[in-house]
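Before any comments, here is the structure.
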Amino acid sequence: MALELIPIGTILAVLTNQVIKIAQAAKDVLVEKDSFRVLSKHLFDIEPVLKELQLQELNDSQAARLALESLETDVKKANSLIEKYKNRSRFYLLVRCRYIVKEVEQVTRDIGRSLAALSLANTEVLSNISDQVNRLQNEMQRVELETSHSQLQIIDKLNQGIKDQKRDQGFANDMLEEIAHAVGVNVEPSAINEELESFRKEKEEAAHRKEKAEEYFLQQVIALLSRADAAINYEELKTRYLQRFQAIVGYDEREKQIPPLNAFVCPINQTIMVDPVSLCTGTTGERAAINAWLERGERTDPVTGEVLQDTSLRSNLLLRQSIEEWRELNYCLRIRCCKSHLSSGSDELVKEALCQIQELVREDSVNKDWIFIGGLADIIISILGNSHNKDVKRKILITLKEVVEGHAKSKEQLVESKGWDYIIPCLGRDPSISKAAIALLFELLQDRSGWNVSACEKLSQQCSTILFLVTLLKGPETESAEYAKKILDKLLDVDEENISRAARAGWYNPLVDCIVQGPQSSRMSMVRSLVNMELVDANLEIIGKTGVIPPLLEMLLGTAESKELSLRALVKLSSCRANKELLAASDEVSHIMKLMFMSHERPAIIIKCCELIEKLTSEGDGIKFLVDGRGTQLELEPIITGMLAFQQSASSSHVRRPALRVILAICNSEPELVKKAVLSANGISKVLPLIDDSDSEIREVAINLLFLFSQQELQGVVEYLLKPRRLEALVGFLENEDKSDVQMAAAGLLANLPKSEVSLTTRLIELDGVKAIVKVLRSGTMEAKENALSALFRFTDPTNVDSQRIVVEQGVYPLLVNFLQVGSVTAKARAAALIGNLSSSTPRLVMATKPSFCWCFSARVPLCPAHGSKCSVASTFCLLEANALPDLVNLLRIQVHATAYEAIQALSTLVKEGSPNKGASVLHEANAIKPILEILTWGMDSLKEEALGFLEKIFHSRDIVERYGSTAKLVLVCMAGRNTHDESHIGRRAAHVLSLLERYSKSSTSIIPGIYG
């Protein structure tokens, strides 16, 4: 029906509906949304104008009908435009965005002009909204639409890449990702391939429309984007490789290149063409070369010289495909040759093949796939694992990096194969190898968006990875350290467990950072990891310096679980003295003490508090770290009292054991507290039962404490030890060769027990206590030996010869003599005293062993020069037979008070009261008298008095007086004269010795007139 026959109101109604429908459709176009939305907005703005015309008496004039017809035509154009681009390939819409914007702009302006004509034809009708209509039609006629800046950037980059003939995969990946992101397509192979398939149809339609320029441009875009990882159809690529490889089967194995056809060579620059194009004259050359020719102003054929009637260029697609096929055949030839070299077993040929592979992947990214399809990658990885040639390994790693760089499929294949197994160990090799390995590893972990999380997770599962990375991080190679740091940071982000692994490998900062500022769950997890690590003092100190102690102390204010975990970590860290100092300076030791003595706290928390305080007092540190933040000593007596209370109140040895050690450490460093512990806190009564405890460590610490306590108080100890099996335990401690401190304490306790307790001595003899003590003398530490020597005094009492004999029979005498030579000062003095005890019994034993028959009928036996009888170590305990005399005399010469004192007493046992001549003569022969006289010049008063007592005995012998009288008088006169006025005991004793000299000397003339008057 002709439009003029249709009522104008009907036309208006139909048009209004069309406008609304088209306006809505314009909003839903997916590309160039801004432009179509502008069109949509204007169409919606036209709706009220058309409705106003329907409400009024529309002028049914020819001009009005023509204006409506024009508007309807333009609206239909808008609808056609929307339909044209509504379901097209989104990639196509993007690359054509400039043209689309211009089309939308033009149709908007056309509708604006038609609206203006309609307004003029109905001026009176539209008088109420004339301003609105005029503004709308002016806006539409003047509309200027622009493509978004980001889209223009993408198109410009794409055009430049095509112009520069960029063929590398990295550029293709970037371009595809940018285009896909701009049009809302997911960068996944399935989505990309679907979109590219739609894009190819657009190219085919352009060919069908005979739009050669558009067809060629779209062909170039498709060729470029098809090189991207996500666009590659791997099966098609594999098929193409196998076809090309089949085509070269007939070529000799040594053939490395198929010569190019003459048609492949550009006649202008004499190179193999990449983008061949033809002129109107039929001459074909490289596009860039012909463009350069024309840009110089030439208008003739560069080969024939003919004048060019047309300078347009036509792409020679068939020739281009032939050249690409020739190139790919040559790639296959080279790949085959490389495979042969790699399998040769020759390091030189392998390196040559690797160089070839690097060239191949640089020339064309398709070779990155074909190297894997052809099996070269598997061979290369195998060589990496088996070769011992450093240069080969390094070159393989560099080559693999080039192969996988910017190529997702190659990375995926290398990761899925045994590549990890051979690449990761290279991180721990020669610096040149590890440098190449870490660069390859970093590349493998990258994808288009940054880090490949899946690959990072797989890498985390390799047990040695973190260790190697931490080693490189701390190594001298800066570039390797930077790569290692980046990879480690990502691995730690991917899996929190890697933080613990890194710490176990010696990189503690992430773990400490997590403890300091991580969420509560992570902090707990990291502290738990710290607790479970095996760490030496150096590592513990490093961790302490990184600032882990303050947050651990903060955790003591949290939940019971938090407290316990924190204390476990602090116990571990306190194995290092530097961390003890940090803990002491934190002013939290007193808080830990309070926590420990809180009865309502969990037993596990109390245990860990005890262990922590034990650590603070261990290794000889004693009370050094039991201070507040200002360094002021904490009150120690309550600590000891509380720790002793644990021995009765706590059922768990896990509490009693560290508590005992704390008491021991405090008492060792602060002797004054021993007395308080014994008297105020009833220490002995609380510790004595512990020597029977089922826990061996508690028994051992208890014996150490009892030794200390026994120096102050012994009440109840003897009674307890005489109970059944108690002394057996004490002897057992003496026999504990593995614990020197236990031996020392047991011997010391035994030495401190009253020697008057005969029943105790007897019982110890019955239990082989002497044998155990002698064993300590043979193999114990010097401290243990000193205490063992003291313990022997119980068994060498001169009033108990039977006990002495038991000691001698255990071989003690030679040990005592040896102590005189090599023992400590204390050991020498005690050994000399013990020898003196034994020697004092010799005169009685000599009398007891004299024969009752006439000696003249028996064989002549050498007699002891000191005792005038047959002596021996076993029978008479004679110190001469034990060869102790020289060493005792030597003790007189070394000018040590303690040893000289005991030596004099031991030597005095050789001089018999009333008949000193034999003993004195022996001492003279041993050169013992002169050093005793010298003692009068250097010794302390008590030693001098002992020396004077000795001289009183020997100067009853006229021979000795004759030999030493003159020398002795000079010294004695000085002593007697110096002390006459103050009535000194030593002076009087010196005067008494002088009187003996006068009495027994041949001349009785006094050398000091009036001294005896």
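Key figures for this structure:
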{"read-out": "Dipole magnitude of the chain, debye to nearest 20 (Cβ charges: Lys/Arg +1, Asp/Glu -1, about Cα centre)", "value": "4440"}
{"read-out": "Segment 453-510: trypsin sites (Lys or Arg not before Pro) falling in loop per DSSP and having at most 16 other Cβ within 10 Å", "value": "K474"}
{"read-out": "Calculated FRET efficiency for the pair E496/Q821, C-beta based, R₀ 56 Å, to 0.05", "value": "0.30"}
{"read-out": "Percent of Cα-Cα distances greater than 20 Å, calculated over segment 695-852", "value": "48"}
{"read-out": "Hydrodynamic radius of segment 189-233 per Kirkwood, over alpha carbon pairs, in Å", "value": "10.6"}
{"read-out": "If the convex hull is drawn through the Cα atoms of segment 864-907, its volume per residue in Å³", "value": "63"}
{"read-out": "Dipole of the chain, positive end: most advanced residue of L308, I290, G250 [Cβ charges, Cα centre]", "value": "G250"}
{"read-out": "Size of charge dipole - segment 613-764 - debye, nearest 20, with Cβ of Lys, Arg +1 and Asp, Glu -1, no other charges", "value": "300"}
{"read-out": "Alpha-carbon Debye profile of segment 248-323, log10 I(q)/I(0) at 0.19, 0.23, 0.25 Å⁻¹", "value": "-0.75, -1.02, -1.16"}
{"read-out": "Segment 654-697 - convex hull of the alpha-carbon atoms, volume per residue in Å³", "value": "67"}
{"read-out": "For segment 774-854: rounded, prolate or oblate by the Cα gyration tensor [a/c cutoff 1.5]", "value": "prolate"}
{"read-out": "Packing rank of 375-388, 436-449, where each peptide gets the mean count of other beta carbons within 10 Å, highest leading", "value": "436-449, 375-388"}
{"read-out": "Kirkwood-Stokes translational diffusion coefficient of segment 560-656, alpha-carbon pairs, 37 °C, 0.692 mPa s, µm²/s", "value": "243"}
{"read-out": "Histogram of C-alpha separations across segment 459-605, 10 Å bin width, %", "value": "11, 39, 32, 13, 4, 0"}
{"read-out": "Mean Cβ count within 10 Å, highest first, over the residues of peptides 108-114, 164-170", "value": "108-114, 164-170"}
{"read-out": "D74 accessible area, assembled protein chains, probe 1.4 Å, Å²", "value": "10"}
{"read-out": "Karplus (6.51, -1.76, 1.60) ³J(HN,Hα), θ = phi - 60°, over segment 430-445, in Hz, Gly and Pro reported as x", "value": "3, x, 5, 6, 5, 5, 5, 5, 6, 5, 5, 4, 4, 5, 4, 8"}
{"read-out": "Rounded accessible area per residue of segment 471-563, 1.4 Å, Å²", "value": "47"}
{"read-out": "Paramagnetic reach from R778 in segment 791-805 [backbone N under 18 Å; point 7 Å along Cα→Cβ]", "value": "792"}
{"read-out": "Number of Lys pairs (Cα under 17 Å; 8 or more positions apart or on different chains) in segment 643-781", "value": "4"}
{"read-out": "Segment 519-563: GluC sites (Glu not before Pro) in DSSP coil with no more than 14 other Cβ atoms inside 10 Å", "value": "E534"}
{"read-out": "Farthest positive-ward along the chain dipole, Cα basis, beta-carbon charges - from V993, S382, G914", "value": "G914"}
{"read-out": "Stokes-Einstein D for segment 332-389, Kirkwood Rh over Cα pairs, 20 °C, 1.002 mPa s (µm²/s)", "value": "190"}
{"read-out": "Packing rank of 151-159, 699-707, where each peptide gets the mean count of other beta carbons within 10 Å, highest leading", "value": "699-707, 151-159"}
{"read-out": "Within the accessible area of the chain (1.4 Å probe), percent carbon and sulfur", "value": "49"}
{"read-out": "Entries in K201/K411; K86/K203; K485/K580; K21/K77; K395/K458 that, when Cα-Cα distance is taken, lie over 20 Å", "value": "K201/K411; K485/K580; K395/K458"}
{"read-out": "Tensor-based shape of segment 639-722 (alpha-carbon gyration tensor, a/c under 1.5 rounded, otherwise prolate or oblate)", "value": "oblate"}
{"read-out": "nm² value of the averaged projected area, convex hull over the Cα atoms of segment 305-457", "value": "12.8"}
{"read-out": "Distant-in-sequence amide H partners of D447 (H built 1.01 Å from N, under 5 Å)", "value": "N452"}
{"read-out": "Computed FRET value (nearest 0.05) for S387 with S875, which takes r as the C-beta separation and R₀ as 56 Å", "value": "0.10"}
{"read-out": "Within-13-Å neighbourhood charge of F625 [Cβ basis; K, R +1; D, E -1]", "value": "-3"}
{"read-out": "Positive-end residue, segment 551-590 charge dipole about Cα centroid, Cβ charges, pick of M555, A569, S590", "value": "A569"}
{"read-out": "Over the chain: helical MRE at 222 nm, DSSP H runs n ≥ 4 each giving -39500 (n - 2.57), nearest 500", "value": "-21000 deg cm²/dmol"}
{"read-out": "Candidates per trypsin sites (Lys or Arg not before Pro) in segment 621-697, loop by DSSP, up to 13 other Cβ within 10 Å", "value": "R630"}
{"read-out": "Å² of accessible area per residue within segment 861-960, as computed with a 1.4 Å probe and no ligands counted", "value": "41"}
{"read-out": "Accessible-area value, F91, 1.4 Å probe, nucleic acids and ligands omitted, Å²", "value": "0"}
{"read-out": "Spread of Cα-to-Cα distances over 5 Å intervals beginning at zero, given as percent, for segment 621-672", "value": "4, 21, 28, 22, 16, 8, 2, 0"}
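The values are calculated or read from the model by the stated rules, or taken from the named source; none is laboratory data. Because the structure is predicted, anything quoted here is derived from the model rather than measured. With ideal geometry, Cβ positions are generated from the backbone for all residues, glycine too; neighbour counts draw on all protein chains shown. For accessibility, only protein heavy atoms count, side chains too; no ligands or nucleic acids. Shrake-Rupley method; radii C 1.70, N 1.55, O 1.52, S 1.80 Å.
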